[in-house]
Amino acid sequence: MKRITATALFTLAALVTTGGVMAQGRAVRATVPFDFTVGDKLLPAGSYEITKNSASVIEVRNRDKQVAIFAPTAYTTEQSRNGSKLVFDKYGDRYFLSEILCAPSAINVSLPTSKAEKQARMQRASLQTPTQVYVAAK
C-alpha cells in the first residue's frame, strides 16, 4: 500500500526536556494537540510522558488527566533526522500512535497495528490513503 506522508508542524508551548534518568530509563515528553489511540484505548489531547518499561513495553502517561496505558512495541531501526518525534497514522479524523523516535532517550520503537486502526484503515481504504503526522518530542 502506498503511503502519503504529511508533516504537521505544531508549536508546542508546553514541550519540556527530559527530566533525567528514571528507574526504567529516560522519558520522552510531548504535547499532543489531538485525541489519539494507543492499542485500542482512546487518549485525550494533552501532555504525555512515555517511558520504556522493558525491551518490548512502553508506558504512555498523562499525569494531569490521570491516564496511563502500557503498550507492546518492537524495536525499529528508523532514526529521527530532525530531533525526537512521535509518529501518528491518520485516518479521517482519527490518529493512531505508530512510532516513537527518540535516540537521546533510547526509545526507537514501533507499535503494532491495533484492531481499531485496522477497522479505520478498512473504512477509509476506498476514500484515501493514510497520512502520517509527526509531533515533536524531547
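None of the figures in this text is laboratory data; all of them are computed from the coordinates on show. Just so we're clear, the structure is a prediction, and the values are computed from it rather than from any experiment. Neighbour counts are summed over all protein chains in view; Cβ atoms, including those assigned to glycine, are modelled from backbone coordinates with ideal geometry.
Gyration tensor over the Cα atoms of segment 41-131: the corresponding equivalent ellipsoid has semi-axes (square roots of 5 times the eigenvalues, largest first) of 23, 17, 13 Å. Put simply, the amide H of residue 43, placed in the peptide plane, has neighbours under 5 Å in 36, 37, 38, leaving out anything fewer than 5 places away on its chain. Taking amide H atoms as placed 1.01 Å from N in the peptide plane, the amide H of residue 137 lies under 5 Å from those of 84, 85, 86, each 5 or more residues away in sequence or on another chain. Ratio of Rg to Rh for segment 25-83: 0.96 [Cα atoms; Kirkwood radius as inverse mean 1/r over pairs].
Which entries of 65/118; 90/138; 90/115; 41/65; 118/138; 85/138 have Cα-Cα distances beyond 18 Å here?
65/118; 90/138; 118/138
Projecting label points 7 angstrom from Cα along Cα→Cβ for residue 124 and residue 42 puts them 1.5 nm apart.
Phi angles of segment 38-55 translate, via the Karplus equation with coefficients 6.51, -1.76, 1.60 and θ = phi - 60°, into HN-Hα couplings of 10, x, 10, 10, 7, 10, x, 4, x, 8, 10, 10, 10, 10, 9, 8, 7, 4 Hz per residue; Gly and Pro are given as x.
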